[in-house]
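The structure appears below as structure tokens.
The values are calculated or read from the model by the stated rules, or taken from the named source; none is laboratory data. Computed from a predicted structure; not experimentally measured. Don't worry about glycine lacking a Cβ; one is built from the backbone with ideal geometry, like all the others, and counts go over all protein chains shown.
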Amino acid sequence: MSMGKTELEIKIYGSAVLRRKAAAVKTPEARHRELLSEMARFMYEHSGIGLAAPQVGCGESLIVVDIGTGLYKLINPRIIRREGSQAIEEGCLSLPGVSVKVKRAKKITLKALDHEFNPVTVTAEGLLACVFQHEIDHLKGRMIVDYASLLDKVRLKKKLAELYRRAGNEDVRESGAEQRKLRL
Ligand code: ZN
């Protein structure tokens, strides 16, 4: 059905766009603001707490985050300061059924443009810092499975092959190639 409105669709592990580096937005346009709003709606509909543009098939540097303390819609986010460390069990909308404990900075400061294209600086701690780092990883083509421990890798091997097929890859041998990159 076409109503002139594009419905976002989640890209899952095995989709090439998730492994590409997102391009910086050079000239912010109305479509970026619209996509950020659609991404936020999508995130809430799927009970997510963060979403990066590559996860909906867009290779541009956009993220949305809301851990329940307010919505951030950011363009070209980059971390300029990291302090301390924490390890939180993380999930990902692009990796349904998968969780990995990831060690990250406990406190971060980032710079970005907000959805009105104004420069902003955000300092975050704990879970919020974790989610920003997770989403900014997506913009670099990095996912939580890249942090998996040896034990996690054994535990996740079958699940990842299954997701890889679900992402529309006929050749399951490529899942082996992707997994080798993770040193599975
Ligand atoms: Zn994710």
Q. Quick one: how many residues across segment 7-25 are out of contact with any strand residue (DSSP E or B) (no Cβ under 9 Å at 6 or more places or on another chain) and over 22 Å from Asn169 (Cβ atoms)?
A. 1
(Q) Just to be sure before I move on: is Thr121 over 30 Å from Lys153 (Cα atoms), polar (S, T, N, Q) and surrounded by fewer than 15 Cβ atoms within 10 Å (Cβ to Cβ) in the structure I sent? (A) yes
Q | Hits in segment 118-148 (condition: under 25 Å from Lys26 (Cβ atoms) and away from the ligand (no atom under 15 Å from the Cβ)) | A | Asn118, Pro119, Val120, Thr121, Val122
Q) How do the pairs read when you match residues in segment 122-139 that are over 14 Å from Ala53 (Cα atoms) with residues anywhere that are part of a helix (DSSP H, G or I) and within 14 Å of the ligand (Cβ to nearest atom), using Cβ under 6 Å and keeping only pairs 6 or more apart or on different chains? A) Ala124/Phe132
(Q) Checking the structure you have, find out if any residue of segment 90-104 is touching a residue at least 12 places away in the same chain (Cβ under 8 Å) and more than 30 Å from Lys157 (Cβ to Cβ). (A) no
**Q.** Elements of type strands (runs of 3 or more DSSP E) contained in segment 1-100, each with 2 or more residues being more than 13 Å from the ligand (Cβ to nearest atom)
**A.** 72-83, 86-90
(Q) So, in segment 103-124, exactly how many residues are out of contact with any strand residue (DSSP E or B) (no Cβ under 8 Å at 6 or more places or on another chain) and either assigned to a strand (DSSP E or B) or at pLDDT 95 or above (or both)? (A) 1
**Q.** Selection from segment 47-73 of residues that are crowded, with 24+ Cβ neighbours inside 10 Å and over 12 Å from the mean Cα position of the chain (by Cα)
**A.** Tyr72
(Q) So the check is Cβ under 9 Å with 6+ separation or different chains; which pairs have a first residue in segment 140-157 that's at negative phi and among the acidic types (Asp, Glu) and a second one that's more than 12 Å from the ligand (Cβ to nearest atom) and part of a helix (DSSP H, G or I)? (A) Asp146/Lys181
Q: With respect to Ile108, determine if the residue is buried (at least 16 other Cβ atoms within 10 Å of the Cβ), over 15 Å from the mean Cα position of the chain (by Cα) and not aromatic (Phe, Trp, Tyr).
A: yes
Q) Restricting the search to segment 74-87, which residues are surrounded by fewer than 18 Cβ atoms within 10 Å (Cβ to Cβ), in contact (Cβ under 8 Å) with a residue 24 or more places away in the chain and among the aliphatic types (A, V, I, L, M)? A) Ile79, Ile80
